[in-house]
1. Divide by every residue of the chain the summed helix terms, -39500 (n - 2.57) for each DSSP H run of at least 4, and state the resulting mean residue ellipticity at 222 nm, rounded to the nearest 500 deg cm²/dmol.
2. Obtain the nm distance between the two label points defined at Glu205 and Arg33 by a simple spin-label model: each point lies 7 Å from its Cα along the Cα-to-C-beta direction.
3. Between Met216 and Leu12, how many nm apart are label points set 7 Å from Cα along the C-beta direction?
4. Find out how many positive minus negative residues lie around Ser74, taking Lys and Arg as positive, Asp and Glu as negative, among other residues whose Cβ is under 11 Å from that of Ser74.
5. How do the peptides 98-108, 146-156, 230-240 rank, highest first, by the average count of neighbouring beta carbon atoms within 10 Å per residue?
6. Take the alpha-carbon positions of the chain, form their convex hull, and give its projected area averaged over all directions (one quarter of the hull surface) in nm².
7. Report the number of Lys pairs in the chain whose alpha-carbons are under 24 Å apart, with separation of 8 or more residues or on distinct chains.
8. Considering the dipole of the chain built from charges on the beta carbon (Lys and Arg +1, Asp and Glu -1) around the Cα centre, which of Phe301, Leu286, Gln240 is farthest to its positive end?
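Please treat every number below as a calculation from the coordinates, not as lab data. What you are looking at is a predicted structure, and each value in this text was computed from that prediction instead of being measured. With ideal geometry, Cβ positions are generated from the backbone for all residues, glycine too; neighbour counts draw on all protein chains shown.
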Amino acid sequence: MLIIRPLQNTDLDALYKMTQEAGKGLTSLPADRELLQRKINRARASFEGRCEPEASLYLFALEDTDLQRCVGISGIEARVGRDEVFYNYRVSTLVNASRELDVHVRTPTLNLSNDMTDTSEICSLLLSASHRGGGNGLLLSRCRFMYLDDFRSNFSEKIFAEMRGVSDGEGRSPLWDALGSKFFDMEFSEADVLSALGNKSFIAELMPKYPIYIPMLPESAREVIGRVHQNTEPALSMLQAEGFNYNGLVDIFDGGPVVEAFIPGIRTVRASFTRPMELLEGPASLDVPVSERVMVSNRAFADFRVTTIPAAWVTPDSVQLPADVAAALRVKAGDELRLAPLKDLSPNGPRDEAEPEQTKFNRPLREE
């Protein structure tokens, strides 16, 4: 069985191994044991209410209960830009015109921005290669929206995600090589790690405050602005299906796009519903196709747990769980649980919904 639960100290070794497998360029989860331990400590303090809600970091582990091992992670940063200034580039257009010469020129530019300050960020999505497919990535990503739904007062109404930008097998970024490296005497990977550690003051001290004229950059750099790393395409696809759209901002290091949505408009939130739990007697099989599964959460703040069950276990009046699933979720008969479709809408759910709006990304994306 696969269960979403809060990240624990015992997950450090498995998490470190996953970050090593992910390679360079995963900003929020570099392969650094000390940094990962600090993140776990902060997450534990957040779930246990030992830090202010605005300063919290909620990290969720995907545990394979058969292996008794963490095989994935995802997270929510309650607010960004409170202690350290949060930077992006806004892709803008500068217009110059001369009536006398009959010239009208539109020039795309990059402008340093702090627009996402005090906004909640979904982050740190990483799934072990051994568990990709079968809807596991969907569960790992979408469980966060169930948490946001039940504990909205801890987050901003607008939610965003920074997507990993284009880099090569050695972790080199075309945008960094063409732009960032001209102002910072360090490699892309070093700047990325410093940023992940929270040491972002160097950005304000060294980055130019004036607009960067995109046409003056080499073609290799221009091509990657607003594009995602090929390994990130499935994650972007999932967020687009949830209603997230490109907001015109990109990462200052690798040019990866920033996508955003408002909590009430997120597909999982709109499609979710609650049911009281009843104990299901007799044998019950969890082995059904992804399209016939629904997510179910225990709605607990400190011990949040989510798994997937067959949609057939959901009735108009209740959700029926066998004893082993109820024990894994740490719920009992009568508890009010939240449910949401894993992929397609459950026939037992509430109203139908419209398809999410088309995004501004025009490239083909891989489905999970």
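1. Numbers: 10 runs with 86 residues, N = 368.
My calculation for the chain gives -6500 deg cm²/dmol from helical runs alone.
2. 3.0 nm
3. 4.7 nm
4. The answer is +2.
5. Working: 98-108: 9.2, 146-156: 18.3, 230-240: 19.8.
Result, highest mean Cβ count within 10 Å first: 230-240, 146-156, 98-108.
6. Values: hull surface 79.7 nm².
Reported value for the Cα convex hull: 19.9 nm².
7. 13
8. Of Phe301, Leu286, Gln240, it is Phe301.
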